[in-house]
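Chemist: One structure, as structure tokens, below. Some questions next.
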Amino acid sequence: MSMQDAISAFLGQRHNHCIGGVWTDGESATTLPVENPATEQTIASVVLGTRADVDAAVVAARRALSGPWGTLKAYQRARILLRFADLIEQRAEFLSNVETLENGMPLSLSMASTTGLMPELLRYYAGWCTKITGETIPAAPAGRETEDFLVYTQREPIGVVAAITPWNAPLNIVLMKLAPALAAGCTVVLKPAELTPMTGELLVRLGHEAGVPEGVLNLVQGLGSEVGAALAEHPDVDKISFTGSTEIGRSIVRAAAGNLKKVTLELGGKSPMVVFADASLEDAIPTAAMACFFLTGQNCMAGTRLFVHESIHDQFVAGLVGVAQALKIGDPLAPDTVLGPLISAKQRQRVLDYIALGEREGATRATPERNIDGPGHFVAPVVFTDCQPDMRVVREEIFGPVLTVQRFADGDHEALAAVVNDTIFGLSGSVWSRDISTALAFARRIDSGQVAINAHAAVSPETPFGGNRQSGWGREMGRESLDAYLKTKAVSVRL
Ligand code: NAI
Ligand code: MG
């Protein structure tokens, strides 16, 4: 079968839930169309789950914790993750085509991930499986000086994990949750975004093919308000790992209070990029532009608030406008496309409303009008200059290709940092300077989960990624993410 035939066959398949290893429509056969945002055509449909389906999936996940999965040796879990990585590499083209069809991201971007970050992420966590260890502690319990104790800790899987994921980088974000959860020995109920359900399904299928036992990876498709909310409230879910909007993050925290489940949140951002006068403009201009426009701005770590020293401001803006104008926007399957469409008509309208708002608020639109022929939810990048800290386009996450520029003068870095940190978010950030002391000192002042110097948002499996303040709770990737799927038991032995 050709790749094209295989993709058509997959799209035409029934897309439903996987509960305890069985693919099923569950309690309801209501479906939602899946749209290709580049063509506005319906390419598939997905079955919408119910609370009863969530209950069944949680039961299956609970049962699987004590099944064969629970008795596997650490090296056996590692082997499964390594096979999972190999399968992703082998099916990279297929996976990426499906991601591009349902999400609209350029195929080249998706391929970079399915042949790079994704398998490496699984291999990284495969390596951790055999290194999950506790400690021995020279404890001296109070008031029992005459007795002899040995205390040791062991690390156990946290239990049943609900993963609720968004549509903006659906393959990556699902895997960022599955990989550490499986490495830790947890079981999972995944609810992918309803706009991009098929990539989540494919990862569950590949996980099973790699040897994940039945019931360990469950999938319930459906709406956030129904399936997502049921998972967040569920009394038998031990942990929620969520990526999405700050607003829904807050509602998940409220819902999780019922059984005090553990919560990891990866939420919105409005990340700063601070360019000092001595920065290499040749580097900084195209990188800063793409830090904002990457994924057509639908990217939580996007650099959307640019602060430029006044001496280079005009040159910098002219450079940004040049980059924005030259970016190839269009068919995401074309190899030279840099920007695809936004995810939906709703998201496009939201972004267009913000662009109109920026003009009303008094920002200057530096990029000329650029219309892109439909169909498809395309929006051309916009650079706003003369931005002020209190403008809504500067304060709110737009999730579209809109870059706001502010200028700063020589002077006190503390005052500059106060403006840079004047945001409810704290996800990412970058500092641009040829002077290492300036760069390091200013990086220290930025209140964000990660800061890059002469780069923006360098993501890797080894590096913790997550937000301060209202950008989230906890970190993904790196060792910290593994820790978030483990719990510690201290065992005290009276000798
Ligand atoms: P959203 O936060 O509503 O959706 C993310 C996930 O949460 C989806 O799987 C959705 O079904 C689920 N969900 C929705 N309501 C839920 C609820 N009550 N309980 C549990 N789960 C629920 O994001 P949406 O509406 O698609 O996008 C709106 C804005 O959110 C974007 O414009 C952007 O600003 C932000 N966003 C940020 C993301 C990030 O990576 N940090 C990703 C997606 C959106
Ligand atoms: Mg929403």
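The values are calculated or read from the model by the stated rules, or taken from the named source; none is laboratory data. Predicted model only: the values in this text are computed from it and were never measured. A quick note on method: Cβ atoms are made from the backbone with ideal geometry, for glycine too, and the neighbour counts reach across all protein chains shown.
Chemist: Consider the stretch 254-275. How many of its residues are over 30 Å from R407 (Cα atoms), surrounded by 16 or more Cβ atoms within 10 Å (Cβ to Cβ) and not aliphatic (A, V, I, L, M)? Spell out how you get there, then give the answer.
Modeler: Filtering the stretch 254-275 down to residues over 30 Å from R407 (Cα atoms) leaves 254-265.
Subset that is surrounded by 16 or more Cβ atoms within 10 Å (Cβ to Cβ): 255-256, 261-265.
Checking the rest, the ones that are also not aliphatic (A, V, I, L, M) come to 261-262, 264.
The total comes to 3.
Chemist: Look at S271 and say whether it is under 29 Å from A181 (Cα atoms) and of a type outside the set (K, R).
Modeler: Details: under 29 Å from A181 (Cα atoms): yes; of a type outside the set (K, R): yes.
Yes: the conditions hold for S271.
Chemist: Name the single residue that is surrounded by the fewest Cβ atoms within 10 Å (Cβ to Cβ) among those in the stretch 447-494 being acidic (D, E) and farther than 22 Å from S245 by Cβ.
Modeler: Narrowing the stretch 447-494 to residues acidic (D, E): 447, 462, 476, 480, 483.
From what's left, farther than 22 Å from S245 by Cβ: 462, 480, 483.
Values: E462: 10, E480: 16, D483: 18.
Looking at the filtered set, the residue picked out is E462.
Chemist: Moving on. Is it fair to say V212 is over 23 Å from L295 (Cα atoms), in contact (Cβ under 8 Å) with a residue 12 or more places away in the chain, touching an Asp or Glu at 6+ places or on another chain (Cβ under 7 Å) and more than 16 Å from ligand 2 (Cβ to nearest atom)? So that I can check it myself, show each step before the final result.
Modeler: Details: over 23 Å from L295 (Cα atoms): yes; in contact (Cβ under 8 Å) with a residue 12 or more places away in the chain: yes; touching an Asp or Glu at 6+ places or on another chain (Cβ under 7 Å): no; more than 16 Å from ligand 2 (Cβ to nearest atom): yes.
In short, no.
Chemist: Given the criteria away from ligand 1 (no atom under 16 Å from the Cβ), surrounded by fewer than 23 Cβ atoms within 10 Å (Cβ to Cβ), among the acidic types (D, E) and closer than 17 Å to V160 by Cβ, does D278 qualify? Reasoning before the result, please.
Modeler: Numbers: away from ligand 1 (no atom under 16 Å from the Cβ): yes; surrounded by fewer than 23 Cβ atoms within 10 Å (Cβ to Cβ): yes; among the acidic types (D, E): yes; closer than 17 Å to V160 by Cβ: no.
It is false that D278 is away from ligand 1 (no atom under 16 Å from the Cβ), surrounded by fewer than 23 Cβ atoms within 10 Å (Cβ to Cβ), among the acidic types (D, E) and closer than 17 Å to V160 by Cβ.
Chemist: Would you check if T165 is buried (at least 20 other Cβ atoms within 10 Å of the Cβ) and touching a helix residue (DSSP H, G or I) at 6+ places or on another chain (Cβ under 6 Å)?
Modeler: Numbers: buried (at least 20 other Cβ atoms within 10 Å of the Cβ): yes; touching a helix residue (DSSP H, G or I) at 6+ places or on another chain (Cβ under 6 Å): yes.
So T165 fits the description; yes.
Chemist: Still on this model: Could you check the stretch 414-446 and list, in sequence order, the residues that are over 13 Å from P272 (Cα atoms) and surrounded by fewer than 16 Cβ atoms within 10 Å (Cβ to Cβ)?
Modeler: E414, A415, R434, D435, I436, S437, L440, A441, R444, listed by residue number.
Chemist: Determine which member of the set V34, V59, V22 is surrounded by 18 or more Cβ atoms within 10 Å (Cβ to Cβ) and modelled with pLDDT of 95 or more. Even if it seems obvious, please write down each step before you answer.
Modeler: Working: V59 fails: surrounded by 18 or more Cβ atoms within 10 Å (Cβ to Cβ); V22 fails: surrounded by 18 or more Cβ atoms within 10 Å (Cβ to Cβ).
Going through V34, V59, V22 in turn, just one is surrounded by 18 or more Cβ atoms within 10 Å (Cβ to Cβ) and modelled with pLDDT of 95 or more: V34.
Chemist: Next question, about the same structure. Just to confirm my filter: which helices (runs of 4 or more DSSP H) fall fully inside the stretch 389-495 and include at least 3 residues that are charged (D, E, K, R), free of Cβ contacts under 8 Å to residues at least 60 places away in the same chain and touching a strand residue (DSSP E or B) at 6+ places or on another chain (Cβ under 7 Å)?
Modeler: Working: elements: 392-395, 413-420, 436-445, 478-483.
Those helices (runs of 4 or more DSSP H) do not exist here; none qualify.
Chemist: Okay, next question. Quick one: which residue in F242, F316, F307, F294 is more than 10 Å from ligand 1 (Cβ to nearest atom), at negative phi and under 15 Å from the mean Cα position of the chain (by Cα)? Break it down into steps so the answer makes sense when it comes.
Modeler: Details: F242 fails: more than 10 Å from ligand 1 (Cβ to nearest atom); F316 fails: under 15 Å from the mean Cα position of the chain (by Cα); F307 fails: under 15 Å from the mean Cα position of the chain (by Cα).
None of the others qualify; the one that does is F294.
Chemist: Select from the stretch 254-275 the residues that are more than 12 Å from ligand 1 (Cβ to nearest atom) and small (G, A, S) and list them in ascending order.
Modeler: Taking the stretch 254-275 and keeping what is more than 12 Å from ligand 1 (Cβ to nearest atom), we get 257-262, 264, 272-275.
Scanning the stretch 254-275 gives A257, G258.
Chemist: Something else now. Among the residues of the stretch 204-220, are any over 18 Å from G67 (Cα atoms) and either within 11 Å of ligand 1 (Cβ to nearest atom) or in a loop (DSSP other than H, G, I, E, B) (or both)?
Modeler: The answer is yes; a qualifying residue exists.
Chemist: Sort out which residues of the stretch 330-382 are in contact with a Gly (Cβ under 6 Å, 6 or more places away or on another chain) and either in the same structural domain as A112 (by TED's automatic domain parsing) or not in a loop (DSSP other than H, G, I, E, B) (or both), and write them in order of number.
Modeler: Hit for the stretch 330-382 is V351, nothing else.
Chemist: Select from the stretch 112-155 the residues that are surrounded by 17 or more Cβ atoms within 10 Å (Cβ to Cβ), not β-branched (V, I, T) and not in a helix (DSSP H, G or I) and list them in ascending order.
Modeler: Result: R155, single match.
Chemist: Which of the numbered conditions does D386 fail, given that it passes all the others? Conditions: (1) modelled with pLDDT of 95 or more; (2) exposed (fewer than 14 other Cβ atoms within 10 Å of the Cβ); (3) not hydroxyl-bearing (S, T, Y).
Modeler: Going through the list (1) modelled with pLDDT of 95 or more; (2) exposed (fewer than 14 other Cβ atoms within 10 Å of the Cβ); (3) not hydroxyl-bearing (S, T, Y), D386 breaks only (2).
Chemist: Sticking with this structure for a sec: Let me spell it out: the conditions are (1) within 8 Å of ligand 1 (Cβ to nearest atom); (2) surrounded by 19 or more Cβ atoms within 10 Å (Cβ to Cβ); (3) hydroxyl-bearing (S, T, Y), and S251 meets all of them except one. Which number is the exception?
Modeler: Going through the list (1) within 8 Å of ligand 1 (Cβ to nearest atom); (2) surrounded by 19 or more Cβ atoms within 10 Å (Cβ to Cβ); (3) hydroxyl-bearing (S, T, Y), S251 breaks only (2).
Chemist: Could we say that G207 is more than 15 Å from ligand 2 (Cβ to nearest atom), on the phi > 0 side of the Ramachandran plot and buried (at least 19 other Cβ atoms within 10 Å of the Cβ) here? Outline the logic, then answer.
Modeler: Details: more than 15 Å from ligand 2 (Cβ to nearest atom): yes; on the phi > 0 side of the Ramachandran plot: no; buried (at least 19 other Cβ atoms within 10 Å of the Cβ): yes.
So G207 fails the test.
Chemist: Please give the number of the condition N103 fails out of (1) more than 17 Å from the chain's Cα centre (by Cα); (2) crowded, with 21+ Cβ neighbours inside 10 Å.
Modeler: (1)
Chemist: Moving on to the next point. Scanning the stretch 330-358 for residues that are exposed (fewer than 14 other Cβ atoms within 10 Å of the Cβ) and among the acidic types (D, E), which turns out nearest to ligand 2 (Cβ to nearest atom)?
Modeler: D353
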